[in-house]
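Here is the structure we will look at.
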Amino acid sequence: MTGRLLLLRVYLDTGSLPGGGYYSPLWPGVGCATLIPVPEAFAERAARHMDPASVVDPCTGRPLLDFLPVDRWWLLHNDPRLDLGFYTDYYAPRGRLPRSLASGDVVGFVAGLAVYPEGFWSRRRSLPEIRRALHLAAGEGRAAVYLAGFLEVEEVVDTARTGWGRLLARHPQLRSSPHYARHGDYPTAVIGRGYLVYPPAPLSEPRPWLARQPPSRLLARMLGEEAAWALARGNYRRSRLARLDAGELREVLEEEGYSARPA
């Protein structure tokens, strides 16, 4: 059966923090982005991989703490982990995973990204400063929604059925899931091969506003025109499953000038 593509919006966003969040930084000169995870609010077993001072951004080589507001701090809900080849979430309606998701499918991860002024991140900024810079970037066409990476699915496991013990015996990397740090939490684990897109590929057309920007030509190629507009109307939160496997996705990206590399 031909694989299918599911797009999910993840990473820090405008609604991720009390009082409003912000987009992760995009670095056009380097061809990559600093992907900032959303806050983790429920972990009882916080670990080093959730500490923003310990997690190094592979794009800049700097700790993610450098990109958190000076007046805010949070544990990282560091998921997906494309470098470790997994994503943990719940089946709908509690979460966004369709129960039909299976081996051979692709889960693409969408992020709001912005090009901030040169030198802006040379020091930590306050949340109001960051949000002002984000809205200025949007007004100048430097903020949009991008495909940051994807996971080529090899296995989908419901931990509510298997329990963590059996799953960790086969996939010890899942100890790094933020859901494992929560007592009594049993998500669905999507396991496979993780890829980052270089440079991140725009799925929306920049506009002076941030919400519900129109879909890009690339997104229309990936999903079809109707499904692309449906995703845009939903603010790029979750797509319908589209008939597009990993090989076809790579081909479309390459034709548009992007590449997919192992994370």
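The values are calculated or read from the model by the stated rules, or taken from the named source; none is laboratory data. The structure displayed is predicted, hence computed values, not measured ones. Glycine also receives a Cβ, built like all others from the backbone with ideal geometry; neighbour counts cover every protein chain displayed. Note: areas computed on protein heavy atoms with side chains; ligands, DNA, RNA excluded. Shrake-Rupley method; radii C 1.70, N 1.55, O 1.52, S 1.80 Å.
Data for the structure
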quantity	calculated
Cα extents of the chain along the three principal axes, largest first (Å)	48, 42, 30
Dipole magnitude of segment 87-231, debye to nearest 20 (Cβ charges: Lys/Arg +1, Asp/Glu -1, about Cα centre)	500
Accessible area of the chain belonging to carbon and sulfur atoms, whole % at 1.4 Å probe	51
Cα-centre dipole for the chain with unit charges at Cβ (Lys and Arg positive, Asp and Glu negative), debye to 20	580
Karplus-derived 3J(HN,Hα), 6.51/-1.76/1.60, for each residue of segment 7-14, Hz, glycine and proline x	10, 10, 8, 9, 6, 4, 8, 5
Semi-axes of the equivalent ellipsoid for segment 54-130, Cα gyration tensor, largest first, Å	31, 14, 13
Cα centroid separation - segment 62-106 against segment 185-220, whole Å	13
Whole-Hz ³J(HN,Hα) from phi, Karplus 6.51 cos²θ - 1.76 cosθ + 1.60, for segment 184-193, glycine and proline x	x, 9, 10, x, 9, 9, 9, 10, x, 9
Sum of -39500 (n - 2.57) over DSSP H runs of 4+, divided by residues of the chain (222 nm, nearest 500)	-5500 deg cm²/dmol
Residue-normalised accessible area of the chain, expressed per residue, 1.4 Å probe, Å²	44
Derived scalar couplings ³J(HN,Hα) [segment 62-73; Karplus, 6.51 cos²θ - 1.76 cosθ + 1.60; whole Hz; x for Gly, Pro]	9, x, 4, 4, 4, 10, 8, x, 5, 9, 9, 8
